[in-house]
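Have a look at the structure below before the remarks.
The values are calculated or read from the model by the stated rules, or taken from the named source; none is laboratory data. These numbers come from a predicted model, not from an experiment. Reconstructed Cβ throughout: ideal geometry from the backbone, glycine too, with neighbour counts over all protein chains shown. To get the accessible areas, we keep the full protein, side chains included, count just its heavy atoms, and leave off ligands, DNA and RNA. Shrake-Rupley method; radii C 1.70, N 1.55, O 1.52, S 1.80 Å.
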Amino acid sequence: MKGLIVRLPHSNTYVLTDDGQRFAIFYTKIHNRLLRPLLAADQPPAPLAVRQALRTLHRAVEDYLADAHVAA
């Protein structure tokens, strides 16, 4: 397979390849189980300790990028 989507012959319709389907399922699960909770974790009603830890991580990454002279 060449990619994640293929064009159906003689049409303007595209479908997912088997790999494309696997990638879509994988990233949907990652988003739902990991990213969505993490993105909401710095807002109430997340526990204060979680919000504080995320702020600490954010500051550490910002400091690292500043020291490395990398644009965020």
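Just one of the numbered conditions (1) within 26 Å of Leu16 (Cβ to Cβ); (2) touching a Lys or Arg at 6+ places or on another chain (Cβ under 7 Å) is not true of Ile30: (2).
To keep it simple, each residue is scored yes or no on (1) part of a strand (DSSP E or B); (2) at pLDDT below 90; (3) in contact with a Lys or Arg (Cβ under 6 Å, 6 or more places away or on another chain).
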{"position": "Ser11", "(1), (2), (3)": "no, no, no"}
{"position": "Val15", "(1), (2), (3)": "yes, no, no"}
{"position": "Phe26", "(1), (2), (3)": "no, no, no"}
{"position": "Leu38", "(1), (2), (3)": "no, yes, no"}
{"position": "Pro45", "(1), (2), (3)": "no, yes, no"}
{"position": "Ala71", "(1), (2), (3)": "no, yes, no"}
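Would you confirm whether any residue within segment 3-10 is open to solvent by 70 Å² or more (accessible area, probe 1.4 Å), over 19 Å from the mean Cα position of the chain (by Cα) and in contact (Cβ under 8 Å) with a residue 12 or more places away in the chain? For segment 3-10, residues open to solvent by 70 Å² or more (accessible area, probe 1.4 Å), over 19 Å from the mean Cα position of the chain (by Cα) and in contact (Cβ under 8 Å) with a residue 12 or more places away in the chain: present.
How many of the residues in segment 36-72 are aliphatic (A, V, I, L, M) and in contact with a helix residue (DSSP H, G or I) (Cβ under 9 Å, 6 or more places away or on another chain)? Even if it seems obvious, please write down each step before you answer.
Restricting attention to segment 36-72, the residues satisfying the condition of being aliphatic (A, V, I, L, M) are 38-41, 46, 48-50, 53-54, 57, 60-61, 65-66, 68, 70-72.
Filter once more, keeping what is in contact with a helix residue (DSSP H, G or I) (Cβ under 9 Å, 6 or more places away or on another chain): 38, 41, 46, 54, 70-72.
The total comes to 7.
For segment 11-28, a tally of residues being under 21 Å from the mean Cα position of the chain (by Cα) and either among the aromatic types (Phe, Trp, Tyr) or open to solvent by 100 Å² or more (accessible area, probe 1.4 Å) (or both) returns 4. Within segment 31-60, being surrounded by 11 or more Cβ atoms within 10 Å (Cβ to Cβ) and among the β-branched types (Val, Ile, Thr) holds for one residue alone: Val50.
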